[in-house]
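*Asks:* I have a structure I would like to understand better, so I am pasting it below and will then ask my questions one at a time.
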Amino acid sequence: MQIENLKIFADLVETKSFSKAAKLNGITQSAVSQQARMMERHFKALLIDRSQKQFHLTREGTRVYETAKEILHNYDTLLSGLQEMKKVISGAIRIATIYSIGLHELPPYIKRLLQDYPSVNVRVEYRRSNLVYEDILHNAVDFGLVAFPVKARQLEIIPFREDRLVLITHPKHPLAARAEVEIADLAGQKFISFDPDIPTRKAVDQILRDHKLEIEPVMEFDNIETVKRAVEIDHGIAIVPHATVRQEARQGTLAVRPFKGGGLTRPLAILHRKGRVLTPAMKKFVEILVQGLPGEAGEA
């Protein structure tokens with residue numbers, strides 16, 4: 001019995017899927033099934049109740065899983081402690097992030113991390129918000145980066161930063177002539193939105209409801225880049241995070257206008273699974289994100 005066997009079994013239990021456990025461990029689905037049967041032979045007990053349609057552990061399987069998690073946690077703690085003793089900052093960091101953060105917020109932080117610690121390897125996956133949470137809970141990644149974080153019992157939420165929400169229009173749109181706008185100015189305008197299940201869309205919808213505005217979007221998209229392109233060709237206006245449109249503002253392809261009085265912000269957060277052992281490299285990653293970069297002060 002090796003530590004890898006315990007990890008595969010724990011991943012299988014947590015994902016309740018042979019295919020997902022296989023993907024997490026870079027092996028075939030058949031290999032996961034073989035590992036489970038091998039463990040049953042080793043412990044001389046049925047661990048998985050195969051009479052159930054859905055994945056279900058036996059009482060013995062639950063005991064093996066709980067003990068496997070303790071062993072894996074202790075093993076990770078040992079590895080992390082040895083790295084700290086040697087003052088080693090290296091290893092892989094797996095990140096799942098929504099597109100707007102991954103493309104427009106995260107790059108300078110990763111650049112800083114790799115400059116300071118060149119032995120660290122960072123892998124970033126772009127995911128829809130609900131899948132970021134799933135990846136964290138299934139241990140498919142080390143960290144998730146999301147907007148408007150949702151509290152959950154198994155998640156640790158670390159505030160990252162606040163990003164201003166701004167209005168974007170075509171440069172020749174009438175609202176582009178104003179230095180700042182009010183929510184009431186959006187009445188009667190063609191509006192471009194994110195898909196209804198995206199947290200930023202839900203937040204914008206709530207803002208509009210609070211101001212008694214009923215706006216039916218003319219277009220809905222699942223990512224910030226498509227929203228921006230639609231506004232650039234004057235199909236409508238949109239409310240987006242300020243960090244995502246800095247380049248277009250400099251180039252003049254979009255008019256970016258703040259809301260009067262400010263206060264419209266999008267909280268960003270770092271997620272990881274509760275109880276997860278963070279390696280020295282992971283701790284440095286969080287430290288850089290939380291402390292911020294030089295010259296960032298005052299940027300909402």
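The values are calculated or read from the model by the stated rules, or taken from the named source; none is laboratory data. Bear in mind that the values here come from a model prediction, so they are computed numbers and not experimental data. With ideal geometry, Cβ positions are generated from the backbone for all residues, glycine too; neighbour counts draw on all protein chains shown.
*Asks:* Are there any pairs, at least 6 apart or on different chains, whose C-beta atoms fall under 6 Å, with the first in the stretch 3-16 and assigned to a helix (DSSP H, G or I) and the second basic (Lys, Arg), and if so, which?
*Replies:* Within 6 Å, the pairs are Ala10/Lys69.
*Asks:* What number of residues within the stretch 176-188 satisfy the criterion of being touching a strand residue (DSSP E or B) at 6+ places or on another chain (Cβ under 9 Å) and surrounded by fewer than 17 Cβ atoms within 10 Å (Cβ to Cβ)? Before the answer, list the steps.
*Replies:* First, the residues of the stretch 176-188 that are touching a strand residue (DSSP E or B) at 6+ places or on another chain (Cβ under 9 Å): 176-183, 185-186.
With surrounded by fewer than 17 Cβ atoms within 10 Å (Cβ to Cβ) added as a condition, the list becomes 177-180, 182.
Final tally of qualifying residues: 5.
*Asks:* Taking the stretch 138-172 only, how many residues are buried (at least 18 other Cβ atoms within 10 Å of the Cβ), in contact (Cβ under 8 Å) with a residue 60 or more places away in the chain and within 17 Å of Leu106 (Cβ to Cβ)?
*Replies:* Residues that pass the stated criteria total 10.
*Asks:* Tell me which residues, restricted to the stretch 231-241, are in contact with a helix residue (DSSP H, G or I) (Cβ under 7 Å, 6 or more places away or on another chain) and either among the hydrophobic types (A, V, I, L, M, F, W, C) or part of a loop (DSSP other than H, G, I, E, B) (or both). First the steps, then the outcome.
*Replies:* To start, the set of residues in the stretch 231-241 that are in contact with a helix residue (DSSP H, G or I) (Cβ under 7 Å, 6 or more places away or on another chain) comprises 236-241.
Once the filter is applied, which keeps residues that are in contact with a helix residue (DSSP H, G or I) (Cβ under 7 Å, 6 or more places away or on another chain) and either among the hydrophobic types (A, V, I, L, M, F, W, C) or part of a loop (DSSP other than H, G, I, E, B) (or both), the stretch 231-241 yields Gly236, Ile237, Ala238, Ile239, Val240.
*Asks:* So which of Leu24, Leu106, Leu57 ends up being out of contact with any helix residue (DSSP H, G or I) (no Cβ under 6 Å at 6 or more places or on another chain), closer than 23 Å to Pro280 by Cα, surrounded by 14 or more Cβ atoms within 10 Å (Cβ to Cβ) and not assigned by TED's automatic domain parsing to the domain that holds Lys228? Please lay out each step first, then the result.
*Replies:* Numbers: Leu24 fails: out of contact with any helix residue (DSSP H, G or I) (no Cβ under 6 Å at 6 or more places or on another chain); Leu57 fails: closer than 23 Å to Pro280 by Cα.
Every option except Leu106 fails the conditions.
*Asks:* Scan the stretch 173-187 and report the pairs whose first residue is within 17 Å of Ile207 (Cα to Cα) and whose second residue is assigned to a helix (DSSP H, G or I) and hydrophobic (A, V, I, L, M, F, W, C), with Cβ atoms within less than 9 Å and a gap of 6+ or a chain change.
*Replies:* That search, which allows pairs on different chains as well, returns Val181/Leu175; Ile183/Ile207; Ile183/Leu208; Asp185/Leu175; Leu186/Leu175; Leu186/Leu208.
*Asks:* Now for a different question. Could you check the stretch 67-117 and list, in sequence order, the residues that are charged (D, E, K, R) and farther than 24 Å from Gln247 by Cα? Full working, then the answer.
*Replies:* In the first step, residues of the stretch 67-117 are kept if they are charged (D, E, K, R); the result is 69-70, 76, 84, 86-87, 94, 105, 111-112, 116.
Hits for the stretch 67-117 are Lys69, Glu70, Asp76, Glu84, Lys86, Lys87, Arg94, Asp116.
Residues checked against (1) outside any helix (DSSP H, G or I); (2) under 27 Å from the mean Cα position of the chain (by Cα); (3) over 24 Å from Val141 (Cβ atoms):
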{"site": "Ser30", "(1), (2), (3)": "no, no, yes"}
{"site": "Arg37", "(1), (2), (3)": "no, no, yes"}
{"site": "Ala45", "(1), (2), (3)": "yes, no, yes"}
{"site": "Gln52", "(1), (2), (3)": "yes, no, yes"}
{"site": "Arg63", "(1), (2), (3)": "no, no, yes"}
{"site": "Lys69", "(1), (2), (3)": "no, yes, no"}
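Here's the yes/no breakdown for (1) farther than 30 Å from Ala140 by Cβ; (2) part of a helix (DSSP H, G or I); (3) not acidic (Asp, Glu):
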{"residue": "Arg229", "(1), (2), (3)": "yes, yes, yes"}
{"residue": "Gln247", "(1), (2), (3)": "yes, yes, yes"}
{"residue": "Gly261", "(1), (2), (3)": "yes, no, yes"}
{"residue": "Pro267", "(1), (2), (3)": "no, no, yes"}
{"residue": "Leu271", "(1), (2), (3)": "no, no, yes"}
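*Asks:* Just checking, how many residues over the stretch 203-218 are loosely packed, with under 13 Cβ neighbours inside 10 Å and either among the basic types (Lys, Arg) or in a helix (DSSP H, G or I) (or both)?
*Replies:* 4
*Asks:* In the stretch 76-99, how many residues are assigned to a helix (DSSP H, G or I) and surrounded by 14 or more Cβ atoms within 10 Å (Cβ to Cβ)?
*Replies:* 4
*Asks:* Sort out which residues of the stretch 243-276 are among the hydrophobic types (A, V, I, L, M, F, W, C) and modelled with pLDDT under 90, and write them in order of number. Walk me through it before giving the result.
*Replies:* Keep residues of the stretch 243-276 that are among the hydrophobic types (A, V, I, L, M, F, W, C), which gives 243, 245, 249, 254-256, 259, 264, 268-271.
The one that is among the hydrophobic types (A, V, I, L, M, F, W, C) and modelled with pLDDT under 90: Leu264.
*Asks:* Pick out the one residue from Ile224, Ile239, Ile207, Ile233 that is aliphatic (A, V, I, L, M), in contact (Cβ under 8 Å) with a residue 12 or more places away in the chain and in contact with a Phe, Trp or Tyr (Cβ under 8 Å, 6 or more places away or on another chain). Steps first, please.
*Replies:* Numbers: Ile239 fails: in contact with a Phe, Trp or Tyr (Cβ under 8 Å, 6 or more places away or on another chain); Ile207 fails: in contact with a Phe, Trp or Tyr (Cβ under 8 Å, 6 or more places away or on another chain); Ile233 fails: in contact with a Phe, Trp or Tyr (Cβ under 8 Å, 6 or more places away or on another chain).
After ruling out the rest, the residue left standing is Ile224.
*Asks:* Also, I was wondering about something else. Just one of (1) aliphatic (A, V, I, L, M); (2) within 15 Å of Ser100 (Cβ to Cβ); (3) more than 21 Å from the chain's Cα centre (by Cα) trips up Ala187, so point out which.
*Replies:* The failed condition is (2).
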